[in-house]
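Structure first, then comments.
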Amino acid sequence: MQSVKMSLEEAHALAVRCLMQHGADEENARAVADIVTAAERDLCHSHGLFRIPGYVASLKSGKVNGKARPAVSDLAPSVVQVAGDGGFAPLALEVGRAALVERAKSNGIAALALNDIYHFAALWPETEALAEQGLAAFAFTAAFPYVVAPGGRTPIFGTNPMAFAWPRPGKHPMVFDQASSTMARGEIMIAARDGHSVPYGAGIDRNGKDTTDPKAILDGGAQLAFGGYKGAALAMMVELLVGALIGDKLSFEAKAADNGDGGPPVGGELIIALDPARFGDGAGFAAHADLLFERMLSDDGVRLPGDRRRKAREETARDGIHVQESLSRTLQELIGS
Ligand code: NDP
């Protein structure tokens, strides 16, 4: 596959230009570009520059407010809300993070509800940033309805990712971030684009039959939750947390509200942060957790979630990134050159 090499700084500048060219102001464009570049840095291509055409489509259609001014308010002593003003999620997150950290440190636990945002990114940046400030954190968001309930044929749940991060003072936090579908939608789209098959269990075709053809899944078929009904229960839990709990859209409501521009769904996100120092073991939590991690890692072949991304950082800082040629061409077209 032909690719174009660029530095992370070049990728960031390109993302900013694409977004600003199509109606985002500098603050919103920079916040999205930060997240997209972090995904490229960590070799998470499905949430990197690959997403820029979708972000731009939503600016062009007028669905997303590229000049959003997210506003923070308190719903309860430990519950912070950010009204996203119909903008992309990254700026809303930035705006709400300090209040979440402060409430979690003073109360031991706190939640941040982001409303009226458009989320199109990986979730690990949310939780990793909190773990770097000493907090354990969960994050959840929904999507469009792509995943069937067990036994069903009609997609009802989003691919509904969930992320968790654990702080390790003096070390990198442990972070996992996973969709509740067998595969992330973006990975299936990339497989369709590149003519690759996907593993069995990723989805069904329009007749409800298991298929390895990503196009059959995307074209009238549906995705499957990981682990059968157990993953589907987690997808349902995420719908309840980011839809019913915080008063935002369920995945099928997001679809009903959407204009089909190919960009992200409108909806909410819930982040829960815990300060381990305020729970039973005080400062002992870190050494105790390390006992677990060290024992896991003493078994050959085991690694911690998040370690692949961290290794990728060394590589991309040194060598830059490789952007698929057709994507690079699309991005150049978006900036009008
Ligand atoms: P993966 O299956 O690629 O990875 C899931 C997690 O498992 C990662 O934390 C990964 O860590 C870890 N992992 C993978 N292999 C191992 C291993 N051998 N040992 C230990 N840990 C391992 O992710 P998904 O395909 O499920 O999701 C991809 C992304 O898509 C996520 O970032 C998610 O947030 C995003 N997404 C976003 C949506 C949205 O609407 N905004 C919707 C759905 C998904 P590592 O990274 O180090 O490999």
From the helices alone, meaning DSSP H stretches of at least four residues, give me the mean residue ellipticity at 222 nm for the chain, per-run term -39500 (n - 2.57), in deg cm²/dmol to the nearest 500. -12000 deg cm²/dmol
Indicate the helices, whole DSSP H runs only, in the chain that combine a mean Kyte-Doolittle hydropathy of 0.0 or more with a Cα extent along their long axis of 20 angstrom or more. 89-107
Could you report the chain's accessible area per residue, 1.4 Å probe, as an integer in Å²? 45 Å²
Just how many % of Cα pairs in the chain lie over 26 Å apart, if you round to the nearest whole percent? 50 percent
Taking protein heavy atoms only, a 1.4 Å probe, and rounding to whole percent, the accessible area of the stretch 1-158 owed to carbon and sulfur comes out at 55 percent
Computing the accessible area with a 1.4 Å probe over protein heavy atoms, can you report the carbon and sulfur percentage for the stretch 180-278? 57 percent
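Could you list the chymotrypsin sites (Phe, Trp or Tyr not before Pro) in the stretch 20-123 that lie in coil according to DSSP, counting only those with at most 13 other Cβ atoms within 10 Å of their Cβ?
none
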Take the alpha-carbon positions of the stretch 203-337, form their convex hull, and give its projected area averaged over all directions (one quarter of the hull surface) in nm². 14.8 nm²
GNM on the chain, Cα springs under 10 Å; top mean-square fluctuation among V302, V175, V147 goes to V302
Of P214, P264, P305, the one that fluctuates the most in a GNM where the chain has Cα springs shorter than 10 Å: P305
Around A287 (Cβ within 12 Å, Cβ-to-Cβ, excluding A287; K/R +1, D/E -1) the net charge comes to -1
Which one, G86, G284, G158, has the greatest fluctuation when you compute a Gaussian network model over the chain with C-alpha springs under 10 angstrom? G284
Among G208, P305, H288, whose Cα sits farthest toward the positive end of the charge dipole of the stretch 207-337 (+1 at Cβ of Lys/Arg, -1 at Cβ of Asp/Glu, about the Cα centre)? H288
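May I ask for the net charge around G84, where only other residues with Cβ less than 10 Å from the Cβ of G84 are counted and Lys, Arg are +1 while Asp, Glu are -1?
-3
The values are calculated or read from the model by the stated rules, or taken from the named source; none is laboratory data. Predicted model, so just to flag it, every value in this text is computed and none were measured. Glycine also receives a Cβ, built like all others from the backbone with ideal geometry; neighbour counts cover every protein chain displayed. All accessible areas refer to the heavy atoms of the entire protein, side chains included, with ligands and DNA or RNA removed. Shrake-Rupley method; radii C 1.70, N 1.55, O 1.52, S 1.80 Å.
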